[in-house]
Amino acid sequence: MTGRKSGLKTWQIMLIGIITLALYVLYYFASGKTYNSTFLVYICSFIMAGEGWNVLGGYVGEISFGQAVFFGIGSYVVALPVGYGFNIPLWLLIILGAVISGLFAWLISYPLLRVKGFPFLIGTFGLGIIFYSVFKNNKALFSNKGVFIRGVNSDIAYIVIIAVTILMTIFVYYLANSDLGLSFQAVRDMPEAAEMIGINIYKTKAKALVIGATMTGLAGALYALYSAHITPNVTFDAAISNDILLGSYIGGCGTVIGPVIGGALFIWMQEWARSVITITGGHNLLLGIMLIVVMMTMREGVWPTILKLFKKKNQPAKPENKKGPDLKQPDSEV
Amino acid sequence: MNIVGLLQSILGGLGTGTVYALLGLSFALIFGRLQICSVLHGDLAGLGAYLAYAAFTFLGLDPFITMIILLPIFYFLGYGVQSVFMKPFMKLDTWKGRYQGQVMVSWGLGMSVMALEYIIFSGTYKTLNVPYRNNVIRLGAITIPILHIVALAITLLLLFGMNMLLKKTSLGIEIRACSTDTFTAKLTGINVDKVCAVTFGLSASIAAIAGVIFSLLTQLSPAHGFELTFLGWCAVILGTMGYMEGAVWAGLIMGVIESVTSYVWIPALSTAMIYIVLVLVLVFSPYGLFANMRNGGRRKKA
């Protein structure tokens, strides 16, 4: 977890990551809208959505199984006016997409976040199902063909997406170290103590949900801009929520870099598994095995494990006195 | 829309609701009692359904005989899953890694099971054509399929049996002891790990029963496993966590909602309607439908 003291090191690592990414971007930029650049954009939109998931799932500890709802709202806010032929500037639509998915998150925080844990998990999954079936079966929402967005310069969209991904990662880094981010972590680690200091648990969770949903909505809107063809299958499907969630989990939720690494790794793995097992749905076998192996061997995810190895090699002599007061929580909610 | 059709769809909903009720029961057993969290059981039910299908198509075995054969197999499967995959997370605090880890590992297992179904049976819909599938009992204008009656009977019998098991047998007493206070249970000489594994095995057997019933009521597709998992969880939450009967009643109510929606309104929105009802219920009563029955009804609303 990123605390205030280990800030410099994480910052340096982030800088290296950004430079590498920038070089990568420049390398592919020369070649226009190809398979590679489309793949990179796909990864980037999942990284953005995963960072949005991470604000709530990682820092507050409420698992959302329906992050695709916010992703889909973002992309459909861009797509629907275009589909109906309204002449609204696209940048405005993108901002609107982020804002509307944030507002929707604020709306659903009341029923779902009041009781800890499972109502939120199942409720968000249910919202995913509701939105998917509504958008899949309603002809007014272009269910039969999907929406085509034409007239977008894909090079500019490409640069914007990469830049927003990097900016979002930096934003999460600063958020995690701000007072708000620390209150998120307090709610996650010790709700009773947090409540005693004067943190309103429900409001803090709702704030995290709204911030995360806004980020995911922005990701969806930008994805719609680049991919230029939006159907419910690429926005509201449960598989999209799963990809967002699994990427963050494998990378290490509750860290800044985790969703970046995890998202890239997971989307790449998925593509690789699809090329290995070509039967429809069969690629899930490799993904499932990977998930089991990752969770059984490195419980916190790939990135924290790498950091731990790194730390062990460099400074083995430090005594371990990290253990805080071991307060037992009564499981009164369950 | 007439009254007979509505009654018919309500009765049909009770029949399909048994699958959700049984899955809810199995989740309520492991989660409500021992705080083991799993998203695997829907896929286990799907596996059971496919095994029943394979046994009927290739060996000619009746699904109910297959069900009895599957019970011990799934029991040991569940026992193994708990003692290999879920046990490492049991010593963590519930929300500090335990649930997250268990959700992810069981999800990975479920994904693998689903993928195996895809590889072996392919993604096309399969139907289990037993000769008595379309037999009905007529009550005036209303017809009730025999399978629905059998499914309801099995569900109620299992609920009764589980209650008896938890209240009368020594295993039930051990499970209840672990659910109230794991530490004291350990002190009195109860092997908590073993109790957890046995309970998980029992819940896996219930999932197998749900799967066989599911295979008799609808068409099979590997993608159903994941949906069934969440419908089972939905039953647990609608029926109040920690109140085992509630999961069964909520599962039956969900079946009725689904079937009435597809009769009165749009069939494609029937599953979505369940979740709409869930969200609406959570607005008014955050602990579910039977909120004042939590903890066995002894303590009123914590």
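The values are calculated or read from the model by the stated rules, or taken from the named source; none is laboratory data. Please read these numbers as outputs of a predicted model, since none were measured by experiment. Note: ideal-geometry Cβ built from the backbone for every residue, glycine included; neighbour counts use all protein chains shown.
Tabulated values for the structure
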item	result
Residue match in region B:18-35 (condition: buried (at least 24 other Cβ atoms within 10 Å of the Cβ), out of contact with any His (no Cβ under 9 Å at 6 or more places or on another chain), farther than 14 Å from B:Gly246 by Cα and at pLDDT 90 or above)	yes
Residue check, B:Gly246 more than 9 Å from every other protein chain (Cβ to nearest Cβ), of a type in the set (Gly, Ala, Ser), in contact with a Ser or Thr (Cβ under 6 Å, 6 or more places away or on another chain) and part of a helix (DSSP H, G or I)	yes
Given (1) within 12 Å of chain B (Cβ to nearest Cβ); (2) at pLDDT below 85; (3) surrounded by 11 or more Cβ atoms within 10 Å (Cβ to Cβ), number of the condition A:Lys311 does not satisfy	(1)
Any hit, region A:222-238, residues being within 25 Å of A:Gly17 (Cα to Cα) and in a loop (DSSP other than H, G, I, E, B)	no
Failed criterion for B:Met104 (all others in (1) closer than 28 Å to B:Thr66 by Cα; (2) modelled with pLDDT of 80 or more hold)	(1)
Criterion: over 16 Å from B:Phe214 (Cα atoms), in contact (Cβ under 8 Å) with a residue 40 or more places away in the chain and among the charged types (D, E, K, R) - qualifying residue of B:Arg138, B:Arg176	B:Arg176
Matching entry among A:Ile199, A:Ile211 (being within 19 Å of A:Leu113 (Cα to Cα) and not in a helix (DSSP H, G or I))	A:Ile199
Filtered residue count, region A:271-296, keeping only those that are outside any helix (DSSP H, G or I) and at the interface with chain B (Cβ under 8 Å from one of its Cβ atoms)	6
Total residues in region A:228-253, condition surrounded by fewer than 24 Cβ atoms within 10 Å (Cβ to Cβ), over 21 Å from A:Gly282 (Cα atoms) and within 14 Å of chain B (Cβ to nearest Cβ)	1
Subset of region B:259-285 that is closer than 24 Å to A:Ser109 by Cβ and of a type in the set (Phe, Trp, Tyr) - its residue that is surrounded by the fewest Cβ atoms within 10 Å (Cβ to Cβ)	B:Phe284
Identity of the residue in region A:133-176, of a type in the set (Phe, Trp, Tyr) and either surrounded by 14 or more Cβ atoms within 10 Å (Cβ to Cβ) or farther than 23 Å from A:Ser241 by Cα (or both), that ends up farthest from the other protein chains (Cβ to nearest Cβ)	A:Tyr158
Failed criterion for B:Thr240 (all others in (1) crowded, with 24+ Cβ neighbours inside 10 Å; (2) of a type in the set (Val, Ile, Thr); (3) part of a helix (DSSP H, G or I) hold)	(3)
Per-region count, region A:105-132, residues among the aromatic types (Phe, Trp, Tyr), farther than 16 Å from B:Gly288 by Cα and facing chain B (nearest Cβ under 7 Å)	1
Out of B:Gln35, B:Gln82, sole residue that is over 19 Å from B:Pro222 (Cα atoms) and in contact with a Cys (Cβ under 7 Å, 6 or more places away or on another chain)	B:Gln82
Residue within region B:205-222 that is surrounded by 24 or more Cβ atoms within 10 Å (Cβ to Cβ), at the interface with chain A (Cβ under 10 Å from one of its Cβ atoms), β-branched (Val, Ile, Thr) and touching a helix residue (DSSP H, G or I) at 6+ places or on another chain (Cβ under 9 Å) present	no
Near pairs, Cβ below 8 angstrom, 6+ apart or cross-chain, from region B:271-290 (more than 8 Å from every other protein chain (Cβ to nearest Cβ)) to any residue that is of a type in the set (Val, Ile, Thr) and outside any helix (DSSP H, G or I)	B:Gly288/B:Thr240; B:Leu289/B:Thr240; B:Phe290/B:Thr240
Hey, A:Ala68 touching a Ser or Thr at 6+ places or on another chain (Cβ under 7 Å) and not in a loop (DSSP other than H, G, I, E, B) or not	yes
Residue identified as over 18 Å from the mean Cα position of the chain (by Cα), more than 26 Å from B:Thr271 (Cβ to Cβ), surrounded by fewer than 17 Cβ atoms within 10 Å (Cβ to Cβ) and more than 10 Å from every other protein chain (Cβ to nearest Cβ) among B:Asp62, B:Asp93	B:Asp62
